[in-house]
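Visitor: Starting off with a structure, shown below.
The values are calculated or read from the model by the stated rules, or taken from the named source; none is laboratory data. What you see is a predicted model; the values in this text were computed from it and never measured. Here the Cβ positions follow ideal geometry from the backbone for every residue, glycine too, while neighbour counts run over all protein chains shown. These area figures cover heavy atoms from the full protein model, side chains too; ligands, DNA and RNA do not enter into them. Shrake-Rupley method; radii C 1.70, N 1.55, O 1.52, S 1.80 Å.
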Amino acid sequence: MIEISVVVPVYGCPEAVSPLYERLTETLLKITTSYEIILVNDGCPKDSWTEVEKVCKRDKRVVGINLSRNFGQVNATNAGIEYSSGNYVIVMDCDLQDEPEAITDLYQKIQEGYDIVFVGRKNRKDNGFVMFWSRLFYKIYNHMVEGYYNPDIGNYCIVKRKIVDEYCGLPEHNKSFTTILSWMGYRTTMLMVESGERYEGRSSYNMRKKIKMAMDLITFQSNKPLLFVIELGIGIAALAFLFIIYQALVYLFVGGAPSGWMSLIAVVCLIGGVQLSSIGVVGIYIGNIFNEIKNRKSYFIQEILNGEEREKVY
């Protein structure tokens, strides 16, 4: 039985693969010789797979998984997690903002009896604009879903095998590892770690991708947006009813026909916009249902180096 599995989705930073491997190896050997490093190439357009191949030739304890195309960071992470076999599974990013040396402290912390140890990012190197939108999203997210997700937490964490198996056994396809772990509960703690500098390039998550990911996370885990739309519709209907009563009283006691075509048009446009938005929210949920009942795989593996595709038992 392997003691530690380290899962790293690789995309957009080929130059970081070799130094990441070296720092991971140096750190893991201080803990145990029984480990595996799983590098999942998520269809990187910068040919990160070539760098993964080089590392796999150097060390048989490095498993390279090459996905058939880009399936997104969430699915690439899940591919590595579902392949892993360690008693403890560590998930981290490939750009070296997650310091590999922190694994020693993570491993020691989880020995204290915790099931999950998240890494809190101290002194994040992101700009103020990114930090603002990140915290705003998680405020909305925490309001919309059950439980609480700390915005200082990233993908970096260590998890016991029992929890990993239960996560992999969840039937839905679109599932994010760290957010699902927060929802699952168990004995959880957080270890604050200094955030490192990105080794090369810049994040591929633009605003459009972030908005899509936010909508997927919320609508796949909660029905509160539907309830919010219902409450909004009831509220607007109540205001419209009160406005009708007001206009009727003005007509009866003051006289004259109600005027104000511009305000009428504005109200109609407002209600129409709310109706279209409501239909859109319902459409998202119907789309999620459609994607789930198709029961398609979330990713396809092109090839595996230093290993073979394992049959799922979940």
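Visitor: So residue 288 fits all but one of (1) at pLDDT below 70; (2) in contact with a Leu (Cβ under 6 Å, 6 or more places away or on another chain); what number is the exception?
Guide: (2)
Visitor: Sort through 36, 3, 99 and tell me the only one that's of a type in the set (Asp, Glu) and either at pLDDT below 90 or at positive phi (or both). Give the derivation first.
Guide: Numbers: 36 fails: either at pLDDT below 90 or at positive phi (or both); 3 fails: either at pLDDT below 90 or at positive phi (or both).
Within the list 36, 3, 99, the selection yields 99.
Visitor: Considering only residues that are open to solvent by less than 40 Å² (accessible area, probe 1.4 Å) and of a type in the set (S, T, N, Q), look in segment 153-194 and name the one that is modelled with the highest pLDDT.
Guide: The extreme case among them is 189.
Visitor: Right, here's the next one. Looking only at segment 97-121, which residues are within 13 Å of residue 192 (Cα to Cα) and aliphatic (A, V, I, L, M)?
Guide: 102, 103, 106, 117, 119 - these are the residues of segment 97-121 that are within 13 Å of residue 192 (Cα to Cα) and aliphatic (A, V, I, L, M).
Visitor: Need at least 3 residues that are among the hydrophobic types (A, V, I, L, M, F, W, C), open to solvent by less than 10 Å² (accessible area, probe 1.4 Å) and within 28 Å of residue 184 (Cα to Cα) per element, so show me which strands (runs of 3 or more DSSP E) inside segment 1-116 make the cut, counting only ones lying wholly within it.
Guide: Numbers: elements: 4-10, 35-41, 62-67, 88-91.
Qualifying strands (runs of 3 or more DSSP E): 4-10, 35-41, 88-91.
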